[in-house]
1. Which pairs break 23 Å Cα to Cα here: Lys23/Lys97; Lys26/Lys146; Lys110/Lys146; Lys26/Lys126; Lys73/Lys126; Lys40/Lys146?
2. Based on Cβ point charges of +1 for Lys and Arg and -1 for Asp and Glu, what charge dipole magnitude is obtained for the chain about its Cα centre, in debye rounded to the nearest 20?
3. Out of the total accessible area of the range 82-128 (probe 1.4 Å, heavy atoms of protein only), what percent is carbon and sulfur?
4. Would you mind calculating the gained length between Glu67 and Ala135 on full extension (0.36 nm times residue separation, minus the Cα-Cα distance), in nm to one decimal?
5. At a Förster distance of 25 Å, what's the computed FRET efficiency of Ala163 paired with Ala12, Cβ-Cβ distance as r, to 0.05?
6. Provide the per residue accessible area, probe 1.4 Å, for the range 50-148, rounded to a whole number of square angstrom.
7. Got the relative contact order for the chain handy, in percent, Cα pairs under 8 Å and 6 or more residues apart?
8. As I understand it, the dipole of the chain uses +1 on the Cβ of Lys and Arg and -1 on the Cβ of Asp and Glu, about the Cα centre. Which of Ala143, Gly47, Ala128 lies farthest toward its positive end?
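The values are calculated or read from the model by the stated rules, or taken from the named source; none is laboratory data. Note that the structure is a prediction, hence the values are computed from the model and not measured. When we count neighbours, we look across all protein chains shown, and the Cβ atoms used for this are built from the backbone with ideal geometry, even at glycine. Surface accessibility is based on the protein's heavy atoms, side chains included, excluding ligands, DNA and RNA. Shrake-Rupley method; radii C 1.70, N 1.55, O 1.52, S 1.80 Å.
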Amino acid sequence: MPKRSDYISWDAYFMGVALLSAKRSKDPCTQVGACIVNAKNRIMSMGYNGFPIGISDDEFPWESSAEDHCDSKYPYVCHAELNAILNNGGGNLDGCKIYVALFPCCECAKAIIQCGIREVLYLSDKYAAQADFRASRRMFAAAGVKLTQLCFDEEEITLDFRADRV
């Protein structure tokens, strides 16, 4: 019997892990996941956007806009990229790639560059025109971080949790 030929690529696999991680986010508007991978295609860490450990997501706001900035989610939410970097547990991320659903903001770009990640692979760049994201591109270019927007032939991958399907 010949081996299967319809298996997914490494890029689809790792982006799938990032998207599955995003499903852990409780953000009502935007769910982002990230997956950091080393040169041997081993997952180093994952993360999603949410509140820091120990901060109750029932006691802090999830609103995107508020008259007072402190009444919105923005000063409290930790982005997926930063969570993935912090969740790594101190391992060396130098030379790694990060797969992320949404192109990184300038704060995440700083952390990505600082920890030595050399490539950002992303799906959406919907905020490309905003200043923070233009700054990200400028920093990535200056630091020599490769940027790759992924596009897949598959529109979706279905996970089946039924034991009799394995």
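1. Numbers: Lys23/Lys97 21 Å; Lys26/Lys146 30 Å; Lys110/Lys146 14 Å; Lys26/Lys126 21 Å; Lys73/Lys126 20 Å; Lys40/Lys146 18 Å.
As for pairs spanning more than 23 Å Cα to Cα, those are Lys26/Lys146.
2. On the way: 18 positive and 22 negative charges, 182 e Å.
Dipole size: approximately 880 debye.
3. On the way: 920 of 1920 Å².
Taking all protein chains in place, the range 82-128 shows 48 percent carbon and sulfur surface.
4. Numbers: separation 68, 0.36 × 68 = 24.48 nm, distance 2.60 nm.
21.9 nm is the gain from fully extending Glu67 to Ala135.
5. Numbers: r = 24 Å, r/R0 = 0.97.
Using R0 = 25 Å, I get an efficiency of 0.55.
6. Values: 5360 Å² over 99 residues.
On a per-residue basis, the range 50-148 sits at 54 Å².
7. 18
8. Ala143
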